[in-house]
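Colleague: This is the structure, below, for whatever I ask next.
The values are calculated or read from the model by the stated rules, or taken from the named source; none is laboratory data. Predicted model, so just to flag it, every value in this text is computed and none were measured. We place every Cβ from the backbone using ideal geometry, glycine too, and count neighbours over all the protein chains shown. Protein only, heavy atoms only, side chains kept; ligands, DNA and RNA dropped before computing areas. Shrake-Rupley method; radii C 1.70, N 1.55, O 1.52, S 1.80 Å.
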Amino acid sequence: MKKLYLFLVLSVCMAFAANALDYTFKITVEDPDNVKITHTDYYYNAIDEYEVKEGVNEYAISVNDSERLLITVSEGKILKVLNEDGSQNFDVTDNKFDLYLSPYNWGGMTETDQAYTVKTYDEATFRNHSVKVTLDKPDGIRMTLLGGSVINTDKTEYIIPFNDEYETQLDIRAANTDNLIYKITADGVEIQKKGNIYTIPLVDRSDADDIKYVENIVITQEFPEDMNYNIKIAFTNGDAACVSSVTYGDEPIEDFAAADGFTVRPGKKLMINLNKADYKILSYSLNGGDENQATYLSYISEIVGSDLSYVITAEKYEILEATFVVDDPNIVKITKYVYPYEELNLVAGENKVTFKISEDAEKFKISAREEGYEIARIYDATYEKEITVSTTYSSTNVTLAKNSRIEITSGKIVRDKTAVVYIDDIDGLNYGFSITRGGASISGKAGYNLVDFRDKDGRFTLNASGAEAIKAYRNGEEVSVSYPSYFSLENPKDNEVIKLFRHEENAVLHTVTFEMLEGALDGFEVKKDILAEVDATAPVSAVGKTTFTISPVSRDAEGLTVTIGDKTIEAVDGVYTFDTEADTTVKVSKATSGIEDVIYGKDGSDAVYNLQGVRVATEADINSLPAGIYVVNGKKVAVK
C-alpha cells in the first residue's frame, strides 16, 4: 500500500498528541485519617480519589493529558511533604501539595517513579514561635513564610506564628509593581532588598547554645516628607525628541530634558514614553549601568525610590523614496504593513511612495483586489531579482530599500487541472468539510467535489474537523492517514481521485464487470468517479459508492442499451450514468431496434425532440445536434 503523507495543520500541540505516560508513586503516610490523595485534571476536577492507609501507599497513574496529583490535609492540620532523601519539599503551598503530570515533553515531571513521606501536625502546636509585624499602612504588602503560607496584608499589625524547623524565613515584597517599600527593620536592624524581595531569617542557629529568634519586624512604606529624588534623562545624540512625553504619577513633566533634571517625591511611577514613529530607540542605561536593548520598547518605567539617571540612545529615521510600477490598478492592491494599514492610491504605471526605515514601516502588502485574480509577478528592478509571490496567503509582503523600484504584473487566475475529492458523510463535523488550495478555501459537500487547481497552488489541505476516523483512497489505492481531521495532499495531479470515508462500512471494495459484444462501446468512453478513465473490457475495481458514466466521444457512436439486472439505464443528453456500491454486472449492447431512419442533413421544418420530449431543433437543423437518438414525426432517428 502506498504511503500518502498527510500533515497536521491545526496546532503544534496536536503534533505531540502522545500515548499515555505511566507514573508510579510510593507515598508514606503517618496520619491517613487526615490525608486525602486525589488524581485530578489540570483544573483540579477529580478523576480518581485514592484510598489512603498508614504506611506505604503505592499508586500507578496513567496520564493522557495535563493532569495533577493532589495531596491535602484536614482543616486545622499542617502538611509537610518530605522527599525520598528526607529533605523538605518546598512545593507545599497552603497545606496543598500539587504535582503537575504530563505525557508531553515539556512542563510535567520527567521522573515517573517518585517517593514521598507525608507528615501532618496540629496547627496550634506545630507553629511553636511567633514574630510581630507592624506596618505603617494596612495594605500593599505580601508576606510569605518558607514552606508556602502567604499573607496579603489588610491591617497594620500581625502576630505570625511559625515553626522553628520548617518555617525559618519570611519574605516580604510590595504586593504589586506600583507599590514601594521605604524601609524594613528586624529587631531594629535594617534589611537590605535583594531584587524586589526583603528576606528575613527568623531563626539564628549560629550558636547552638544560644538560638536567637526575630521578635519584631517593622515595615515602612511611606517615605519621609522632606525626601526628594532627582531624575535626569540625557540623550547620546542630544535629541530629546526621541521621547514623546514623560509623566510622574498622573502629572506630566514638561521640561524633562533639563540638564539638571527634575525633582520628585518618591513612591510613584515614572513613565518615559518613546517616540517610536520617528526614531529607532537603540538602548538606554540607568545610573551608569549596562545598556539595555530597547528596540522593541514603547516606554521605560520605574517606581521612584532613589535618584535615577537615564541615558537614551536613538536614531532618527531617514525619509526615503521608492516606486511601485503597476500594470492594472483595478486588480493590484498595495497597503502599508503597519497600522493603520493605509491603502495606496494607485495609477497604471509609476507610483511614488515615501517611507521610513523603521519597525516594519518599510514593508508593504501586495495583493489582488478580487477573487479570481492574482499577482502573477513581482520584480525588484533595483536589485534585479524576482520576489516570490505567496500562493498560500492572500498577500505578499515586500520590504523596500532606498530608491527601490518594484514592478508588479497581475492577471486572471487560470486553473487548468481538475481533481475529484469525495467524502461519504459530513454530518456532525465541527465546521463542515473544506478543501484549501492556493490559499483559497472551498466548502465541500458530501459526495463528489470537483476541485480546479494549478501546479503553483501547491498541496491540498482537507479539513474534516470532528471526524474520529477516516479511510482514504488515492486513485483507487488505500493510503494511510496520520490525523483524520487535518491533513494535506502533496503534489496533486490532473484527474486525480481522492475518496474519504468516515464510516468504514461505506468503504466497500467491489468489482464492476461489463458484459458486451466486441465493439459495442466503439465511439464511447467509460469513466468512474467522474474523471478516472477505465478499461471496460476487463473487470473494474471500485471502492464505496462509485459513479460510472458511458459517454459518446464521436458522432459515429450509435445508441446503446445499458442494463443492470432488470433495470435499463436511460441516457441523459446521450450519457448513461449509474452508481455501484457492491459487485455489479453491466450489460451493454447496440440499440438499433426502433430506429426508423438515419438522418444526414435532410431538409424540413418538422420539430425534433429528444427522448425526454423536449423540443431541441427543427428537422432542417438536425445536423447541428450532438450525436444521439431523437424523435421526428413520431419516429426515432439517429444523428451521427
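Colleague: Looking at region 389-412 only, could you name the residues that are at pLDDT 90 or above, open to solvent by 30 Å² or more (accessible area, probe 1.4 Å) and not basic (Lys, Arg)? Walk me through it before giving the result.
Modeller: First pass over region 389-412, keeping only residues at pLDDT 90 or above: 396-400, 403-412.
Add one more test, that the residue is open to solvent by 30 Å² or more (accessible area, probe 1.4 Å), and what stays is 397, 399, 403, 405, 407, 409, 412.
Listed by number, the residues that qualify are Asn397, Thr399, Asn403, Glu407, Thr409.
Colleague: Here is a further query. Which fully enclosed strands (runs of 3 or more DSSP E) of region 436-533 have 3 or more residues being of a type in the set (Gly, Ala, Ser)?
Modeller: On the way: elements: 440-444, 447-453, 460-463, 471-474, 477-479, 486-489, 497-501, 509-516, 524-528.
Passing ranges, in order: 440-444.
Colleague: Which of the following residues is within 30 Å of Gly267 (Cβ to Cβ) and either modelled with pLDDT of 90 or more or touching an Asp or Glu at 6+ places or on another chain (Cβ under 6 Å) (or both): Tyr310, Tyr337? Walk me through how you get there before you give the answer.
Modeller: On the way: Tyr337 fails: within 30 Å of Gly267 (Cβ to Cβ).
The conditions single out Tyr310.
Colleague: State the number of residues belonging to region 108-139 that are in a loop (DSSP other than H, G, I, E, B), touching a residue at least 24 places away in the same chain (Cβ under 8 Å) and open to solvent by 60 Å² or more (accessible area, probe 1.4 Å).
Modeller: In the first step, residues of region 108-139 are kept if they are in a loop (DSSP other than H, G, I, E, B); the result is 108-112, 127-128, 136-139.
Imposing the further condition that a residue be touching a residue at least 24 places away in the same chain (Cβ under 8 Å) reduces the set to 108-109, 112, 127-128, 136-137, 139.
So of that shortlist, the ones also open to solvent by 60 Å² or more (accessible area, probe 1.4 Å) come out as 128, 136-137, 139.
Qualifying residue count for the region: 4.
Colleague: Of all residues in region 140-165, how many are closer than 21 Å to Gly76 by Cβ, open to solvent by 40 Å² or more (accessible area, probe 1.4 Å) and assigned to a strand (DSSP E or B)?
Modeller: The qualifying residues number 4.
Colleague: Out of curiosity, is Arg474 among the basic types (Lys, Arg), surrounded by fewer than 18 Cβ atoms within 10 Å (Cβ to Cβ) and more than 30 Å from Ile366 (Cα to Cα)?
Modeller: Values: among the basic types (Lys, Arg): yes; surrounded by fewer than 18 Cβ atoms within 10 Å (Cβ to Cβ): yes; more than 30 Å from Ile366 (Cα to Cα): yes.
When the stated conditions are applied, Arg474 passes them.
Colleague: For residues that are touching a Lys or Arg at 6+ places or on another chain (Cβ under 9 Å), closer than 30 Å to Asp139 by Cα and open to solvent by 80 Å² or more (accessible area, probe 1.4 Å), tally how many sit in region 199-227.
Modeller: Looking only at that region, the number is 4.
Colleague: While we're looking at this one, here's another question. Out of everything in region 361-388 that is small (Gly, Ala, Ser) and either in contact with a His (Cβ under 9 Å, 6 or more places away or on another chain) or not in a loop (DSSP other than H, G, I, E, B) (or both), what residue ends up being most open to solvent (accessible area, probe 1.4 Å)?
Modeller: Just the residues of region 361-388 that are small (Gly, Ala, Ser), to begin with: 361, 367-368, 372, 376, 381.
With either in contact with a His (Cβ under 9 Å, 6 or more places away or on another chain) or not in a loop (DSSP other than H, G, I, E, B) (or both) added as a condition, the list becomes 367-368, 376.
Values: Ser367: 21, Ala368: 28, Ala376: 47 Å².
Applying the filter and picking the extreme gives Ala376.
Colleague: Okay, next question. What do you reckon, is Leu308 open to solvent by less than 30 Å² (accessible area, probe 1.4 Å), aliphatic (A, V, I, L, M) and closer than 30 Å to Asn179 by Cα? Break it down stepwise before answering.
Modeller: Details: open to solvent by less than 30 Å² (accessible area, probe 1.4 Å): yes; aliphatic (A, V, I, L, M): yes; closer than 30 Å to Asn179 by Cα: yes.
For Leu308, the condition - open to solvent by less than 30 Å² (accessible area, probe 1.4 Å), aliphatic (A, V, I, L, M) and closer than 30 Å to Asn179 by Cα - is met.
Colleague: Examine region 24-46 for a residue that is modelled with pLDDT under 95, in contact with a His (Cβ under 6 Å, 6 or more places away or on another chain) and of a type in the set (A, V, I, L, M, F, W, C), and state whether such a residue exists.
Modeller: No, because not a single residue in region 24-46 is modelled with pLDDT under 95, in contact with a His (Cβ under 6 Å, 6 or more places away or on another chain) and of a type in the set (A, V, I, L, M, F, W, C).
Colleague: Across region 31-82, which residue is nearest to Leu21 (Cα to Cα) among those that are loosely packed, with under 12 Cβ neighbours inside 10 Å and aliphatic (A, V, I, L, M)?
Modeller: Filtering region 31-82 for residues that are loosely packed, with under 12 Cβ neighbours inside 10 Å and aliphatic (A, V, I, L, M), the one nearest to Leu21 (Cα to Cα) comes out as Ala60.
Colleague: Something else about it: Quick test of your reading of the structure: Ile599 fulfils all but one of (1) at pLDDT 70 or above; (2) open to solvent by less than 70 Å² (accessible area, probe 1.4 Å). Name the failing condition by number.
Modeller: (1)
Colleague: Name every residue in region 316-353 that is of a type outside the set (Asp, Glu), part of a loop (DSSP other than H, G, I, E, B) and surrounded by 12 or more Cβ atoms within 10 Å (Cβ to Cβ), in order of residue number. Quick ask: steps written out before the conclusion?
Modeller: Pass one, region 316-353, residues of a type outside the set (Asp, Glu): 316-317, 319-320, 322-326, 329-341, 344-349, 351-353.
Narrowing further to those that are part of a loop (DSSP other than H, G, I, E, B): 317, 329-331, 337-341, 344-348.
Selection gives Tyr317, Pro329, Asn330, Ile331, Tyr337, Val338, Leu344, Leu346, Ala348.
Colleague: With the condition kept exactly as written, say whether any residue in region 576-586 is exposed (fewer than 13 other Cβ atoms within 10 Å of the Cβ) and closer than 24 Å to Asn449 by Cα.
Modeller: The answer is yes, given that some residue of region 576-586 is exposed (fewer than 13 other Cβ atoms within 10 Å of the Cβ) and closer than 24 Å to Asn449 by Cα.
Colleague: Now for a separate question. Tally time: how many residues in region 175-210 are out of contact with any Phe, Trp or Tyr (no Cβ under 9 Å at 6 or more places or on another chain) and in a loop (DSSP other than H, G, I, E, B)?
Modeller: Of the residues in region 175-210, 16 are out of contact with any Phe, Trp or Tyr (no Cβ under 9 Å at 6 or more places or on another chain) and in a loop (DSSP other than H, G, I, E, B).
Colleague: Here's another thing I want to ask about it. Can Glu533 be described as open to solvent by 20 Å² or more (accessible area, probe 1.4 Å) and within 20 Å of Val420 (Cα to Cα)?
Modeller: Details: open to solvent by 20 Å² or more (accessible area, probe 1.4 Å): yes; within 20 Å of Val420 (Cα to Cα): yes.
It is true that Glu533 is open to solvent by 20 Å² or more (accessible area, probe 1.4 Å) and within 20 Å of Val420 (Cα to Cα).
Colleague: Which of the residues belonging to region 570-589 are assigned to a strand (DSSP E or B), in contact with a Phe, Trp or Tyr (Cβ under 9 Å, 6 or more places away or on another chain) and farther than 14 Å from Ala520 by Cβ? Break it down stepwise before answering.
Modeller: Taking region 570-589 and keeping what is assigned to a strand (DSSP E or B), we get 571-572, 575-580, 584-589.
Next, only the ones that are in contact with a Phe, Trp or Tyr (Cβ under 9 Å, 6 or more places away or on another chain) stay: 576-580, 584-588.
Passing the criteria: Thr577, Phe578, Asp579, Thr580, Thr584, Thr585.
Colleague: With the checklist (1) of a type outside the set (Gly, Ala, Ser); (2) under 19 Å from Arg437 (Cα atoms); (3) at pLDDT 90 or above in hand, flag the one item Glu490 doesn't pass.
Modeller: Here Glu490 meets the rest and fails (3).
Colleague: Tell me, yes or no, whether region 248-270 has at least one residue that is surrounded by 15 or more Cβ atoms within 10 Å (Cβ to Cβ) and touching a helix residue (DSSP H, G or I) at 6+ places or on another chain (Cβ under 6 Å). Write out each step before concluding.
Modeller: Step one: of region 248-270, the residues surrounded by 15 or more Cβ atoms within 10 Å (Cβ to Cβ) are 248, 253, 256-257, 261-262, 264-270.
Checking the rest, the ones that are also touching a helix residue (DSSP H, G or I) at 6+ places or on another chain (Cβ under 6 Å) come to 257.
Taking every residue of region 248-270 in turn, at least one turns out to be surrounded by 15 or more Cβ atoms within 10 Å (Cβ to Cβ) and touching a helix residue (DSSP H, G or I) at 6+ places or on another chain (Cβ under 6 Å).
Colleague: Checking the structure you have, find out if any residue of region 93-102 is buried (at least 17 other Cβ atoms within 10 Å of the Cβ) and either over 23 Å from Gly147 (Cα atoms) or touching a helix residue (DSSP H, G or I) at 6+ places or on another chain (Cβ under 8 Å) (or both). Talk me through it step by step, then tell me what you get.
Modeller: Looking only at region 93-102, we keep the residues that are buried (at least 17 other Cβ atoms within 10 Å of the Cβ), and these are 95, 97, 99, 101-102.
Filter once more, so that each one left must be either over 23 Å from Gly147 (Cα atoms) or touching a helix residue (DSSP H, G or I) at 6+ places or on another chain (Cβ under 8 Å) (or both): 102.
Yes; the residues of region 93-102 include at least one that is buried (at least 17 other Cβ atoms within 10 Å of the Cβ) and either over 23 Å from Gly147 (Cα atoms) or touching a helix residue (DSSP H, G or I) at 6+ places or on another chain (Cβ under 8 Å) (or both).
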